[in-house]
Amino acid sequence: MGREDPGAPAAIDDDALRQFRALGVRVAADAAPAPELVVEIWPCHARTWAVFVACERCWRAVGTLGGLIWLGLDLVQVAEVERRLDVSADFPMLQAAETAALVVLNEAL
């Protein structure tokens, strides 16, 4: 799994330019829009990826004074998502995606 470079400047669309102009702020718009992030998924991983993405609100976290600590996916909710999508994820692949996501989610700690 990858993610976009957080240090890269965001592209400014026409609507944002109009809003800036309405506020009296001058912003130089890029001549070429930023390339769209494309992630290719192998067909054998498509079901697992669909379940993983559908589980975006199925994460367990603990709030501490230092911020949130992400613990992982709630497997009861994952099973419900699979039931509702009528699809079964490859559990080891789902765990691999969860582990990679936890590294990113908890990197600030």
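The values are calculated or read from the model by the stated rules, or taken from the named source; none is laboratory data. Not measured: the values here are computed from a predicted model. For neighbour counting, all protein chains shown are included, and Cβ atoms are generated from backbone atoms with ideal geometry for every residue, glycine included.
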### Query
Which numbered condition trips up LEU68, out of (1) surrounded by 13 or more Cβ atoms within 10 Å (Cβ to Cβ); (2) touching an Asp or Glu at 6+ places or on another chain (Cβ under 6 Å); (3) hydrophobic (A, V, I, L, M, F, W, C)?
(2)
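Checking the condition modelled with pLDDT under 85, outside any loop (DSSP other than H, G, I, E, B) and out of contact with any helix residue (DSSP H, G or I) (no Cβ under 6 Å at 6 or more places or on another chain), which residue from ALA8, ALA16 passes?
Working: ALA8 fails: outside any loop (DSSP other than H, G, I, E, B).
Residue meeting the stated conditions: ALA16.
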### Task
Take the residues in the range 54-68 that are out of contact with any helix residue (DSSP H, G or I) (no Cβ under 6 Å at 6 or more places or on another chain) and not in a strand (DSSP E or B), then tell me which one is nearest to ILE41 (Cα to Cα).
GLU56
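Residues LEU37, LEU102, LEU71, LEU94: which one is assigned to a loop (DSSP other than H, G, I, E, B), among the hydrophobic types (A, V, I, L, M, F, W, C) and without any contact (Cβ under 8 Å) to a residue 60 or more places away in the chain?
Details: LEU102 fails: assigned to a loop (DSSP other than H, G, I, E, B); LEU71 fails: assigned to a loop (DSSP other than H, G, I, E, B); LEU94 fails: assigned to a loop (DSSP other than H, G, I, E, B).
Result: LEU37 is the single residue among LEU37, LEU102, LEU71, LEU94 that is assigned to a loop (DSSP other than H, G, I, E, B), among the hydrophobic types (A, V, I, L, M, F, W, C) and without any contact (Cβ under 8 Å) to a residue 60 or more places away in the chain.
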### Query
Is at least one residue of the range 26-49 basic (Lys, Arg), surrounded by 10 or more Cβ atoms within 10 Å (Cβ to Cβ) and at pLDDT below 90?
no
### Task
Could you figure out which of (1) over 30 Å from ASP14 (Cα atoms); (2) touching a helix residue (DSSP H, G or I) at 6+ places or on another chain (Cβ under 6 Å) isn't true of VAL27?
(1)
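Which of the residues that make up the range 76-91 are touching a helix residue (DSSP H, G or I) at 6+ places or on another chain (Cβ under 9 Å) and not polar (S, T, N, Q)? Quick ask: steps written out before the conclusion?
Within the range 76-91, the first condition is being touching a helix residue (DSSP H, G or I) at 6+ places or on another chain (Cβ under 9 Å), and the residues that meet it are 78, 81-82, 84-85, 87-91.
Within the range 76-91, VAL78, VAL81, GLU82, ARG84, LEU85, VAL87, ALA89, ASP90, PHE91 meet the criteria.
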